[in-house]
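Bear in mind these aren't lab numbers, they're just calculated from the coordinates by the rules spelled out. On a predicted model such as this, the values are computed, not experimentally measured, just so you know. Counting neighbours? That spans all protein chains shown, and the Cβs are built from the backbone with ideal geometry, glycine included.
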Amino acid sequence: MSKLAIQVIDKSYINPADKTTKQVIKDLEINLGNNEFVCLVGPSGCGKTTLLNILAGLDTRFTGSIELDPQHLKPKVGYVFQNPRLLPWRTVQENIELASHAKPEILALLLENMGLTAEKDSFPEHLSLGMSRRVSIIRAFATDPDLLLMDEPFVSLDPPTARQVRQLLIDLWSKRPHKVLYVTHDLREAIALADRLIFLDTRPMSVITEVTVTIPRKDRNKEIKIEQFRQQLFIDYPEITKLL
């Protein structure tokens, strides 16, 4: 069983205007178990995207360590950004193939699982936003990552479309499980998706508390179950109310 240990002792920026130092993350420790789906919940601007960029290797200016057990392995990372970032001059399938050397049968299966087989030769301008989101998810899954990073990928979708794409995501993840670190400030969404919730305080970002989601996955599509769990969280962990 592989585990991922994340330790960010310090991540700071220097303000170019007055040369002052602004600390974004302090003494943050997160561990992910094998194939665990973890949601990071915190207010906008607290540093969640900064953490994902560190994990993706896009930002190396921090003090700390990212280690996969066994330690001789370097985790392969997939990243789903807030913006789908599809190349407009390439088709759906070509956009996916740019990021992956997956076998054609694997790509065909991913397209089928996400309901996009009929759109594989379409260009991004002909896709709805929900479809574009699904393409970006397939692109990340196609790399067969050890760790999948997702940065509020459904933030601009209307609620019915967001629920549909979330269910497609979970269906796909259940068939091809791996570690997922999912950023959101939507507590209902986090409860619907995660095995575990990690609540983050504002800058400098640090962990306030962690909660295991005990709702069976077969009941995660029931709004009443999600809302009951959410209300109980506020009773059991009143310190999280300031974050949402």
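Observations
- Among 7-19, 124-136, the order from most to least packed when residues are scored by Cβ within 10 Å on average: 124-136, 7-19
- Anisotropy class of segment 150-204 from Cα gyration tensor, a/c 1.5 cut: oblate
- In the chain, the longest principal axis of the Cα atoms and the axis of helix 104-113 are about 70 degrees apart.
- Mean Cβ count within 10 Å, highest first, over the residues of peptides 172-179, 195-202: 195-202, 172-179
- Protection proxy ranking of 39-51, 98-110 - average other beta-carbon atoms within 10 Å, highest first: 39-51, 98-110
- For segment 80-102 versus segment 1-24, the spacing of their alpha-carbon centroids is 30 Å.
- In degrees, nearest ten, helix 159-175 long axis to first principal axis of the chain (Cα): 80 degrees
- The chain: angle of helix 223-236 to the longest principal axis, Cα-based, in degrees nearest 10: 10 degrees
- For the residue pairs 26/218; 11/242; 48/74, the alpha carbons lie more than 29 Å apart in 26/218.
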